[in-house]
Amino acid sequence: MKIIIENGRVIDPENRIDTIMDVFIAEGKIAALGAPPDGFQADRKINAKDMVVCPGLVDLSARLREPGLEYKATLESEMAAAVAGGVTSLACSPDTDPVLDEPGLVEMLKHRARNLNQAHVYPIGALTRGLKGEWLTEMAELRDAGCVAFGQSDMPLPNTRVMMQAMRYASTFGFSVWLRPQDVNLADGGVAHDGEVATRLGLPAIPVCSETVALSNIILMARETGAKVHLCRISSAEGVAMVGAARRQGLPITCDVAVNHTHLSEMDIGFFDSNCHLVPPLRGLGDRDALRSGLLHGTIDAICSDHAPVDEDAKLLPFAEAEAGATGLELLLPLTLKWAAEMKVPLIAALGRITSEPARILGVDAGHLSSGAPADLCIFDPDQYWIVEAGALKSQGKNTPFLGMELQGRVKYTVVAGNIVHEG
């Protein structure tokens with residue numbers, strides 16, 4: 001299908017474009033910007049007047065729950081949620097059942113995702129067999145099967161010798177290692193930030209040093225091995241400072257933050273709101289403000305949805321027993337726009353945190369609107385307000401701390417590989 005998107009405000013952070021122009025799509029690619037190619041005849045016209053046309057969003061952390069955890073969500077439901085949120089490329093974590101530690105499982109997931117003809121799925125392979133932290137996986141074979149990086153999801157890697165071996169192996173082959181910094185012993189049994197709220201509510205606490213102790217080990221080993229390391233979902237002010245110091249030393253380290261943590265703190269737990277039971281935990285107001293500033297100044301590269309659909313029964317349990325996680329694919333864009341408005345960040349810079357920057361971290365051809373690039377686009381109305389309601393979410397998981405909140409920015413169209421896969 002040949003498509004023309006007319007009169008939209010085209011914003012492409014990678015190519016520093018922010019202007020009113022037309023976009024022409026043919027054969028699944030961006031055919032031209034501005035003036036039409038010779039002989040171009042559109043099969044479909046989209047009037048994007050008063051809307052923003054940007055690259056499709058790229059999400060660095062989305063749990064699709066397949067294979068094995070279909071009672072929480074299915075690939076169909078979560079891919080529908082992705083395109084409804086303007087997400088055209090996403091990285092899925094390896095903590096499925098069975099774990100993504102065999103090439104056949106990765107190939108099956110990629111095949112299932114391709115057949116749905118919606119968002120592009122980029123699996124993160126398991127760093128260790130079964131995510132048990134004992135033996136390394138066959139990373140080269142997993143890479144050939146389609147994995148773009150290797151990590152432990154939220155499972156611990158307490159054996160520093162195994163971590164060193166993993167980084168050395170990854171460095172040799174140019175693989176990227178994704179780790180969420182948390183010391184398993186310091187965090188053991190904790191469910192909330194070690195602060196005023198956890199003390200008042202009597203909740204088992206997770207101290208900030210559980211993040212910084214783990215960060216110190218990761219940074220030291222990255223310096224020793226030269227491995228490319230991506231730090232997933234930084235949560236504390238001290239963590240941001242340590243990442244900034246490591247990057248000033250020239251270490252090949254990138255990091256992201258969950259969009260929930262750019263707006264919420266431990267105070268939002270209120271009276272045991274299990275929708276605020278997240279991993280990592282919501283920390284203090286000072287930590288939240290440091291995360292917002294880290295994004296503003298570039299210490300934190302990208303914002304992710306940290307999408308983790310949970311079945312309703314698991315969220316109805318008492319806070320300490322409820323399963324951690326929140327749905328986020330459909331909220332990534334409006335919550336990023338909210339952060340940008342509150343921090344007075346230009347729209348082009350804000351969109352870069354959810355398009356070009358995460359694409360660079362993934363190492364995939366996405367997140368830009370260059371001529372000849374894959375035609376993955378998001379068209380949204382930046383001025384439309386809407387209320388987050390469970391029944392309106394495409395995701396099978398309805399759990400989010402933002403239920404009932406009014407947000408600004410609504411996706412109208414999502415285009416993947418030149419096909420219109422969502423019309424709002």
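The values are calculated or read from the model by the stated rules, or taken from the named source; none is laboratory data. Owing to the predicted nature of the structure, the values given are computational and were not obtained by experimental measurement. No Cβ is skipped: glycine too gets one built from the backbone with ideal geometry, and neighbour counts run over all protein chains shown. All accessible areas refer to the heavy atoms of the entire protein, side chains included, with ligands and DNA or RNA removed. Shrake-Rupley method; radii C 1.70, N 1.55, O 1.52, S 1.80 Å.
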Amide proton proximity set for residue 51, modelled H, under 5 Å, gap of 5+: 9
Cα-based helix-to-principal-axis angle, 332-343 vs the chain, degrees rounded to 10: 80
Angle in degrees between helix 75-84 and the longest Cα principal axis of the chain, rounded to the nearest 10: 60
Rounded percent of accessible protein surface that carbon and sulfur make up, the stretch 25-122, 1.4 Å probe: 47
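Give the accessible surface of the stretch 358-407 per residue, rounded to a whole number of Å², with probe radius 1.4 Å and ligands, DNA and RNA excluded. Each step should come with its number before you reach the end.
Values: 1970 Å² over 50 residues.
Computed with neighbouring chains in place, this is 39 Å² per residue.
What 222 nm value per residue comes from the helices of the chain, counting each DSSP H run with n ≥ 4 as -39,500 (n - 2.57) and dividing by all residues, nearest 500 deg cm²/dmol?
-8500 deg cm²/dmol
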Global form of the stretch 290-424, assessed from the alpha-carbon gyration tensor, a/c cut-off 1.5: prolate
By average C-beta atoms within 10 angstrom, highest first, the peptides 241-251, 111-121, 373-383: 373-383, 111-121, 241-251
Distance between the stretch 369-424 and the stretch 144-177 - C-alpha centres, whole angstrom: 33
Kirkwood hydrodynamic radius of the stretch 73-124, Cα pairs, Å: 11.3
Qualifying chymotrypsin sites (Phe, Trp or Tyr not before Pro) in the stretch 156-226, DSSP loop, other Cβ atoms within 10 Å at most 10: none
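Using the heavy atoms of the protein chains alone and a 1.4 angstrom probe, what is the accessible area of the stretch 84-175 per residue in square angstrom? All intermediate terms of the calculation are to be shown ahead of the outcome.
Numbers: 4040 Å² over 92 residues.
Normalised by residue count, the accessible surface of the stretch 84-175 is 44 Å².
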Distant-in-sequence amide H partners of residue 282 (H built 1.01 Å from N, under 5 Å): 193
Helix axis angle, 209-225 relative to the chain longest principal axis, alpha carbon, degrees: 70
With 5 Å bins from 0: P(r) over the stretch 190-335, alpha-carbon pairs, percent: 2, 10, 19, 21, 19, 14, 9, 4, 1, 0
Residues of the stretch 382-424 with amide N under 13 Å of a point placed 7 Å along Cα→Cβ from residue 365: 417
Local electrostatic count, residue 60, Cβ distance below 10 Å [Lys/Arg +1, Asp/Glu -1]: -4
Cβ-defined net charge surrounding residue 121, 9 Å radius [Lys, Arg +1; Asp, Glu -1]: +3
Long-range amide H partners of residue 180 with built H, under 5 Å: 152, 232
Backbone HN-Hα couplings from phi across the stretch 290-301 [Karplus 6.51/-1.76/1.60, Hz, Gly and Pro as x]: 5, 5, 5, 6, x, 5, 4, 8, x, 5, 9, 7
Pairwise centroid distance, computed over Cα atoms, of the stretch 217-245 with the stretch 271-322, Å: 20
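Using only alpha carbon pairs under 8 Å that are at least six residues apart, calculate the relative contact order of the stretch 176-234 and give it in whole percent. Please report the intermediate quantities before stating the final value.
Working: 78 pairs, mean separation 29.0, N = 59.
Value for the stretch 176-234: 49 percent.
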Two-site label geometry, residue 134 and residue 69: point separation in nm, points 7 Å out along Cα→Cβ: 2.2
Karplus-derived 3J(HN,Hα), 6.51/-1.76/1.60, for each residue of the stretch 265-282, Hz, glycine and proline x: 9, 4, 5, 6, 4, x, 9, 6, 6, 5, 5, 9, 7, 10, 10, x, x, 5
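Which number do you get for Rg(Cα) / (2.2 N^0.38 Å) in the stretch 117-241?
Values: Rg = 15.9 Å, N = 125, 2.2 N^0.38 = 13.8 Å.
So the Cα radius of gyration is 1.16 times the expected 2.2 N^0.38 Å.
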Kirkwood hydrodynamic radius of the chain, from inverse mean 1/r over distinct Cα pairs, in Å: 21.6
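Normalise the Cα radius of gyration of the stretch 158-211 by 2.2 N^0.38 Å (N = residues in it) and let me know the number. Kindly include the intermediate steps, with their values, before the conclusion.
Working: Rg = 15.7 Å, N = 54, 2.2 N^0.38 = 10.0 Å.
Cα Rg divided by the expected 2.2 N^0.38 Å: 1.57.
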Backbone HN-Hα couplings from phi across the stretch 119-135 [Karplus 6.51/-1.76/1.60, Hz, Gly and Pro as x]: 6, 6, 10, 10, x, 9, x, 5, 6, 10, 4, x, 6, 8, x, 10, 10
Charged-residue dipole, Cβ positions (Lys, Arg, Asp, Glu), the stretch 1-55 about Cα centre, Debye nearest 20: 120
Listed residues 384, 417, 404: farthest to the positive end of the dipole of the stretch 382-424 (Cβ charges): 417
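Just add up the charged neighbours of residue 201: K/R +1, D/E -1, any other residue whose Cβ is under 12 Å from the Cβ of residue 201.
Numbers: positive: 200; negative: 196, 266, 273.
Once positives and negatives cancel, what remains is -2.
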